Structures are given as C-alpha cells and as structure tokens.
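The values are calculated or read from the model by the stated rules, or taken from the named source; none is laboratory data. Quick caveat: nothing in here was measured; it's all calculated off a predicted structure. Neighbour counts run over all protein chains shown; Cβ positions are idealised from the backbone, glycine included. Areas reflect the complete protein model, heavy atoms only, side chains present, ligands, DNA and RNA absent. Shrake-Rupley method; radii C 1.70, N 1.55, O 1.52, S 1.80 Å.
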Amino acid sequence: MLNKCQKYQKLWIAGLGLVLTAQSLQLVGYSDSNMAIASDGQAIAQNSDANIVMPSRTTNASANNSGIAGSVTVDSYPIQAIKVAAAGNSNTPAQSLAKLASDPSSFVRRALASNPKLSEEIKEKLAVDSDQTVVESLLKASSLPNLATLDKLLAAATPRVRETLAANPNTPQAILEKLSQGPVYTEFLLLSLARNPHSGPQVTNRLSRIGDRLVRTFLARLPVPPATFTTLANDGDLGVRSMVAGNSACPASLLDLLAKDSNTIVREAVALNQSTSKETLAKLATDSHQDVRQAVASNYASSAATLAKLAKDTNESVRSLCAANPNTDVDVLTAMSKDNSTAVRCAVALNGNTKPETIKAMVGDNTIAVAQILAALGESKLGPADYEKLASDQSALVRMNLAGNGALSSSLIKTLAQDKDARVRASLAHNTKAKISDEIFVALAKDNDALVREALAVNSKVPSKLLTSLLQDDAITVQTALATNPNVAGETLMALADYDCNAIRRALLQRGDLPEGALTKLTAAEEVKFVLATRAQTAPAVLAALAKDSDQSLRSQVAAQPKLGAEALKMLAADKSQYVRAACAANRNAGADLLKTLAQDPEDLVRARAASNPATLPDTLAVLAKDKNPEVRRAAASNNATPEAALALLAQDDEIWLTK
C-alpha cells in the first residue's frame, strides 16, 4: 500500500505555504508533529513560514567532496526575524521605528528601509548607513528621501547606488538628470535611465549620444522627443535606425529621410510604418527590393493610386498584399480577380470591398482555394444560384465550408445533410447560424458516422430533448461533446455525471451551471475531488461534503477554500491534523471567534497561521504577539492588524534563528 507521500509524490498543504518534497529535504518518515526525519535519523524541525527554508544535511558524497566530514550545508542565516518583521510593518509606532534605525543588525535596518511610513529623519539616517544593502533597500522603496537627502547621497554614491536610483520610477527627474551627467557610467545605469518613465528630454537626448547600442536601440522604440529621434535616425548602427524607422511616433520628415537609407531593412521598416506619409510610400513603391514593395502594399496608409501601380507588380506576393489592402480601388480589385495567381484571386475574394458582381463572376473559378473562400461568404455577396453551384463542387473541402454558411436555404440544407462525405455532414451539424429544421437535426442525430453526431452534440441550437437522446450514443466522444453544450438540460447533466469517464468529468467541471446533485456525484471519483476542492465555482454544499473526506490533503485544500461555509470551517478547525487546522487559520473568511480559538491551538503552526491572518482581531493578535514560539510572534509582527502596542513590544524581540 502506497503512503500519502508516495501516492501524490508531494504533499501540498493548501493555505499553509508548506511544501515537502523528496528533492527539498531527504525524508524517510513524516508525522503530524511537524518534524521530518533526515537520512541519518536525526529529527529536523520544519519551518512553518513560506519564505523560510531550514537547513538540510549534505549527503556523505558532498561532505567528502568538501573535504570536511559531517559538514552541514545551509542556505539561510541567523536573523532577528521578529524584529525584522516589525521593522517592515507600516503600523509599527514611529518611536519604535526610530529606535530600529540604530539597530546593530543590518537585516533589521534593511527591512526598516523598505517601510513606506518612515519619517524624513529616519530616511536621512539610513541614507548614510554604513551597510550599502541598507542604502539600496531605501532607494528601491516607493517613498524615497527628499531631494536634499538624495543630492547629498549622490555626491559619494557607489555605482550600485546610482543604478538603484536610476531604476526606481519614483526617482525625481532632477536626480535622473544628474545621473545622466556622470561621472560614473555603467551599462545597467544607462539602460535603467532609458527605461525610467520620469527621464526627461535632457536625459534621453544625452543617452542617445553616449549610450551603447543596447541603450540606443531601446530608446529608438520609445516616443522620445524630436531631437532624440533626429540623433537616432542618423545613428551609425543599422539596428538603431531600423527601430526608429518602425516607430510610429517618429516624425514624418525623419521617416522620409530614412526612406532613402542604403539598407533594405531600414527602408522596409519605413514602408511598414503607418505614420509614413503617402508621398514617401509612393516613392518606396518603386523600390528595387520586393520586400520594400511588399511592405508598401500591406500598409493601410498607402493611397489607392500607389496600390493601383503595385497591382501590376511582377512579384506575386506584392500583388496579393495589394489585393488584400482595404484601400485598393474596387475596379482594380475586379481586374485582379482574373489574375493568374491563385493567391491574388484568394485575396480579392477575401477583400470586403470587392463588388458582389465580381464575387459572383468568380464562382466559376475552378481552384479549390478560391471556391473554399466563396463558399463561406454571406448572402450580401452571393445568391441562391451561386450556393447551389458551390454545393455541387467536386471538392469536399468546398462543400464543408458551404455547410457552415449561415445563408443556406432549406433545400440546400437537406442536400448537404445527405452529402456522401461525413465531414460535410459534420460541418452542417455544427452550424449554429443557418435555419436548420428539427427534422434535419433528428436525421443528423441518427447519422452512421460518430463525427457527425459529435458535431451535433456541441451545437447549442439543437433542441434540448434531442440532445438528451444522444446520451444513448455508443461513442464516448459524443457524450463528452454533449457535456460541453450550454443547451443541455439539468437532468442530462445529472446523467452524464454518472459516466465513468475522465474526459466527461473534465468537461462537466468546466461548466458554471452544474446542478448541485451532479457535483455531488462527481465527488465520488478520487481524481475529481482535488479539482472540486480548488474550483472557484464549487458550491459550499459540495465543499462541506469534501470536508468529511478521509484524505488529510484533500481536507486541507477544502479548509483553504474562501467559499467554505462557516459550519464546515468550524468542523475542520477541530480536525485531528494540524495542517487542516492551520489551513482554517489561514482562511481569510474565518470568523473572529474561530480565529481566537485557533490562536490557542497547541500546535505552533496553527497559531502562526492565525497570527498571519489579516482577519484576526487586534486583541487576539496582541496575545499572539507574546506567544512562546518565535515564529508565531514573527507572524504577528508582519500582520498590519496587530495593534501598535504589540508591535512596539515585538520591535524589541531579539530572538534569533536560521532563516532567509
């Protein structure tokens, strides 16, 4: 018999943020005491916080490779985690924050630097901190020090500090301008300045001259000032000029200049740019390179006169792109409908501006591709006689497209319903636009080919009673298709829920209108339970049923569900597994009284989750702030609902343990 870890390969405790895998920690055993047994038999406590990874022993091989027998590898550090959490909490009292600014631990000061509620005095102090990581944390924050402090800081700033300021979108424009003036330039600094939305014209102009290729290419894609565009348009780098040429914000005068560029790539980019003037596009229409002419032909800014010239181009791609352009004159399209290229004639047939009489004349085209397009066109372009002619086309591909057309007459529908090719009949069965009679639907429901019946099963226009009859179909694909149809009756959905087929179950679970009875039936399947437990549409009654399941992992998933009813949540809060109770404690819809009860749980993990829940009342958090377990106290220190008096106390908590 497989145990739970083997069965699911990993145990995800929903709402706890706790993941145990064979890769993250070598386990040979596991118990609800929140302890793991390492390969040498020594117990290792599992950290309950999601962002904490406790150290694990290295294997003997890695220890031997290091040359130190019995060595321990850790990816964490001894930190005053409670004080760090309090330092980052925006509700910590100002007096406590001021004291923390002088804390000997750089971890505490770094967390403090990211707090959005710091006074200018504290910011000024942290700006000259001896630890550069503290300064960087301050300069990454949304609330930066005032301009005077930043000016003073900039005078002796390291390259890393300069880069941090350049990357912050909240950095004042005056500081960004000073950064662009040097004396320190790094690639990341210049690129950060280029990406910063507050960099003004002076900064971008300077960057267009001193920046490396990456910076200039980045600027060339932005809506920069005209002076910057001018500099970049004359750049010696092909990539920079091509980016400017494709920029819709580039002035037309510069695009005209770039249209004369010696490189085809630049001219092609200009030809594709819809900001390019009609006059410039007309010049590019005579370019010797077909790629440039193709770009002009596809550009919706090209004039009808220019397109008329391109309609006679020797290159097939140029002509087909011209035929697809909505600006091409209708008379030109009529002439192109006789082009010897199938691609060109297809483009004419697809162009919405082509005259109906031109389209009708094309019905005699013997090319399958053209006939396929015509068969899909509406009655504004073709008449009954045209459709009748297409219905007798030798190619089933043409008749398939026609069978999906919404303009079909009743006689034509009857003809297509008897077509020798099942794909044509399936296309008709899937048609929701044509006026198909119930008689035809019944005939299609009895079709010998399952493909036809499957297409009918997904058609929302088919009467509900006829859809129900498809329950007796001998092809499981038909029932699977039926499960997706929005017009299926509730009793049909109930019947489908009884089928022992995962494909049908998955289709049913995608619906938002399943009767509760159908959902209840689906819970009988093991593979469906976890989907239902995490599904947003799952009804509270179904969740309540799942809450009684024997699988601890499933109950944990259910306990984390926001839609779980109060009674079910209360029941799970008394579950024998601490992980289920912890999921309840993390549920933001848990009531204040329930959270108060969970805050007194004997397991540290449960109390820690209650301490981190923003729905926990301040009075309860005040008690948890004095908990004997440091992880519980840290959770309380991170919670914005924790009262100021408790935060002031936590800001003095010097407990240290290995964490990140």
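Couple of notes before you dig in:
- Flag if Ala111 is out of contact with any Asp or Glu (no Cβ under 9 Å at 6 or more places or on another chain) and closer than 18 Å to Ala85 by Cα: yes
- Selected residue (criterion: least open to solvent (accessible area, probe 1.4 Å)) from residues of region 541-555 that are within 15 Å of Ala573 (Cβ to Cβ) and not in a helix (DSSP H, G or I): Ala547
- Scanning region 520-540 for residues that are over 14 Å from Pro562 (Cβ atoms), in a helix (DSSP H, G or I) and open to solvent by 60 Å² or more (accessible area, probe 1.4 Å) yields a total of 5.
- Only listed residue being surrounded by 15 or more Cβ atoms within 10 Å (Cβ to Cβ), within 30 Å of Glu357 (Cα to Cα) and in contact (Cβ under 8 Å) with a residue 24 or more places away in the chain, chosen from Leu257, Leu321: Leu321
- Checked against the criterion of being loosely packed, with under 15 Cβ neighbours inside 10 Å and of a type in the set (A, V, I, L, M, F, W, C), the candidates Ala361, Ala375, Ala371, Ala396 yield just one match: Ala361.
- Check on Val84, modelled with pLDDT of 95 or more and open to solvent by 30 Å² or more (accessible area, probe 1.4 Å): yes
Matching residues to (1) open to solvent by 10 Å² or more (accessible area, probe 1.4 Å); (2) closer than 21 Å to Leu416 by Cα:
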| residue | (1), (2) |
| --- | --- |
| Leu444 | no, yes |
| Ala455 | yes, yes |
| Val458 | yes, yes |
| Lys461 | yes, yes |
| Ser464 | yes, no |
| Thr477 | yes, no |
| Leu482 | no, no |
| Asn485 | no, no |
| Glu491 | yes, no |
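- Of all residue pairs spaced 6 or more apart or on separate chains, those with beta-carbon atoms under 8 Å, a first member in region 507-527 that is without any contact (Cβ under 8 Å) to a residue 24 or more places away in the chain and a second member that is assigned to a loop (DSSP other than H, G, I, E, B) and hydrophobic (A, V, I, L, M, F, W, C) are Leu514/Ala497; Gly517/Ala497; Leu519/Ala497; Leu519/Ala539.
- Tally, over region 647-660, of residues that are open to solvent by 10 Å² or more (accessible area, probe 1.4 Å) and either in contact with a strand residue (DSSP E or B) (Cβ under 6 Å, 6 or more places away or on another chain) or outside any loop (DSSP other than H, G, I, E, B) (or both): 5
- Of the residues making up region 232-254, those that are part of a helix (DSSP H, G or I), open to solvent by less than 50 Å² (accessible area, probe 1.4 Å) and not small (Gly, Ala, Ser) are Leu232, Val240, Arg241, Val244, Leu254.
- Residue list for region 288-318, filter: surrounded by fewer than 19 Cβ atoms within 10 Å (Cβ to Cβ) and of a type in the set (A, V, I, L, M): Ala301, Ala304, Ala305, Ala308
- Hits in region 560-587 - residues which are open to solvent by 20 Å² or more (accessible area, probe 1.4 Å) and under 13 Å from Ala599 (Cα atoms): Ala574, Arg581, Ala586
- Of the helices (runs of 4 or more DSSP H) that lie entirely inside region 427-518, those containing 1 or more residues that are within 34 Å of the chain's Cα centre (by Cα) span 450-457, 476-482, 490-496, 502-509.
- Residue within region 143-155 that is among the β-branched types (Val, Ile, Thr), under 25 Å from Gly182 (Cβ atoms) and either surrounded by fewer than 21 Cβ atoms within 10 Å (Cβ to Cβ) or at pLDDT 95 or above (or both) present: yes
- Residue in region 272-287 that is over 17 Å from Thr358 (Cα atoms), open to solvent by 60 Å² or more (accessible area, probe 1.4 Å), under 42 Å from the mean Cα position of the chain (by Cα) and polar (S, T, N, Q) present: yes
- When Ser380, Ser469 are checked against the criterion of being of a type in the set (Gly, Ala, Ser) and closer than 30 Å to Leu509 by Cβ, a single residue qualifies: Ser469.
- Inclusion of Asp339 among residues that are at pLDDT below 95, over 40 Å from the mean Cα position of the chain (by Cα) and surrounded by 15 or more Cβ atoms within 10 Å (Cβ to Cβ) is not warranted.
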